[in-house]
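Contents: one structure, followed by commentary.
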Amino acid sequence: MTPAPFTTIGFDADDTLWHNERFFRLTQDRFAELLADHAPRGDLDAALLAAERRNLGHYGFGIKGFVLSMIETAIEVTDDRVPAAVIRELLDAGREMLAHPIELLPHAREAVEAAAAQFRVVLITKGDLLDQERKLAQSGLGDLFHGVEIVSDKTPEVYARIFARHGSGADRAAMVGNSLKSDVIPVLQAGGWGVHVPHGLIWEMERADAPEGHPRFRALQDLSGLAGLLEMDRDHI
């Protein structure tokens with residue numbers, strides 16, 4: 001049998017292994033309801049997205065930055081007159097998000113188990129450290145990973161360092177995730193393999209075009225196809 005082209009498989013966490021974006025959407029719906037008297041929904045969504053873009057370098061990815069951006073937007077659209085009760089509700093919504101139970105996506109455990117039986121597997125996720133650690137602990141998947149990396153952003157340089165620590169370098173690694181922008185394209189740029197597993201919901205700041213035609217790009221409908229893809233690529237690459 002041809003040796004596998006991989007020594008290490010990286011897995012994204014949010015919306016790859018467990019649900020995440022839908023809780024942001026529900027909270028954003030509540031945010032829009034609270035401020036409906038001050039701006040139309042489309043304007044609120046645009047203002048919030050702009051705040052998130054501005055604040056990403058200050059707060060990073062995750063729930064806490066999202067809540068701060070909602071508060072900033074609420075102050076902006078009310079001309080500094082947002083009621084304290086609205087701020088309180090937004091803070092309460094953020095705490096609810098941080099405490100929400102984890103729900104695995106279909107085939108998540110089987111996919112990680114299958115990969116771990118043949119390769120080193122590493123969880124590579126970005127966001128708030130405490131929240132990501134909480135979610136991993138609740139997921140029941142923690143013992144399957146040979147390493148866990150919680151990073152501030154996912155860039156080619158970050159992937160190169162991680163796969164050098166947890167394997168034989170990026171050129172012998174594959175990354176599995178739902179975000180083309182964060183989980184696929186930068187890994188390809190680092191010389192690795194990118195496996196896209198789309199999720200029904202995607203944050204606007206994670207949108208990107210698929211790198212069709214790239215020799216190391218693969219796409220799956222869901223995680224049920226990962227084991228077969230890894231075995232097929234073992235024989236054909």
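The values are calculated or read from the model by the stated rules, or taken from the named source; none is laboratory data. Source: prediction; values computed, not measured. Because the Cβ atoms are built from the backbone with ideal geometry, glycine has one as well, and the counts that use them run over all protein chains shown. Calculation scope for accessible area: heavy atoms of the full protein, side chains included, ligands and nucleic acids excluded. Shrake-Rupley method; radii C 1.70, N 1.55, O 1.52, S 1.80 Å.
Okay, residues lined up against (1) of a type outside the set (Val, Ile, Thr); (2) modelled with pLDDT of 95 or more; (3) surrounded by fewer than 16 Cβ atoms within 10 Å (Cβ to Cβ); (4) farther than 19 Å from Gly194 by Cβ:
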residue: Ile102; (1), (2), (3), (4): no, no, no, yes
residue: Ala116; (1), (2), (3), (4): yes, yes, no, yes
residue: Val122; (1), (2), (3), (4): no, yes, no, no
residue: Asp128; (1), (2), (3), (4): yes, no, no, yes
residue: Glu149; (1), (2), (3), (4): yes, yes, no, no
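Looking only at the stretch 21-47, which residues are assigned to a loop (DSSP other than H, G, I, E, B), in contact (Cβ under 8 Å) with a residue 24 or more places away in the chain and not hydrophobic (A, V, I, L, M, F, W, C)?
Residues of the stretch 21-47 assigned to a loop (DSSP other than H, G, I, E, B): 35-40.
If we keep only those that are in contact (Cβ under 8 Å) with a residue 24 or more places away in the chain as well, we get 35, 38-39.
Correct list: His38 only.
Could you tell me which numbered condition Phe24 fails, if it satisfies all but one of (1) more than 30 Å from His166 (Cα to Cα); (2) out of contact with any Phe, Trp or Tyr (no Cβ under 7 Å at 6 or more places or on another chain)?
The one condition Phe24 does not meet is (2).
Among the helices (runs of 4 or more DSSP H) lying completely within the stretch 48-127, list those that include at least 1 residues that are without any contact (Cβ under 8 Å) to a residue 60 or more places away in the chain and under 15 Å from Val176 (Cβ atoms). Working first, answer last.
Values: elements: 63-77, 84-99, 108-116.
Of the helices (runs of 4 or more DSSP H) lying wholly inside the stretch 48-127, those with at least 1 residues that are without any contact (Cβ under 8 Å) to a residue 60 or more places away in the chain and under 15 Å from Val176 (Cβ atoms) span 108-116.
Out of Thr27, Thr73, I need the residue that is open to solvent by less than 20 Å² (accessible area, probe 1.4 Å), among the β-branched types (Val, Ile, Thr) and under 22 Å from the mean Cα position of the chain (by Cα). Which one?
Numbers: Thr73 fails: under 22 Å from the mean Cα position of the chain (by Cα).
Every option except Thr27 fails the conditions.
Of all the residues that make up the stretch 168-189, how many are in contact with a Phe, Trp or Tyr (Cβ under 8 Å, 6 or more places away or on another chain), open to solvent by 10 Å² or more (accessible area, probe 1.4 Å) and touching a residue at least 40 places away in the same chain (Cβ under 8 Å)?
The qualifying residues number 1.
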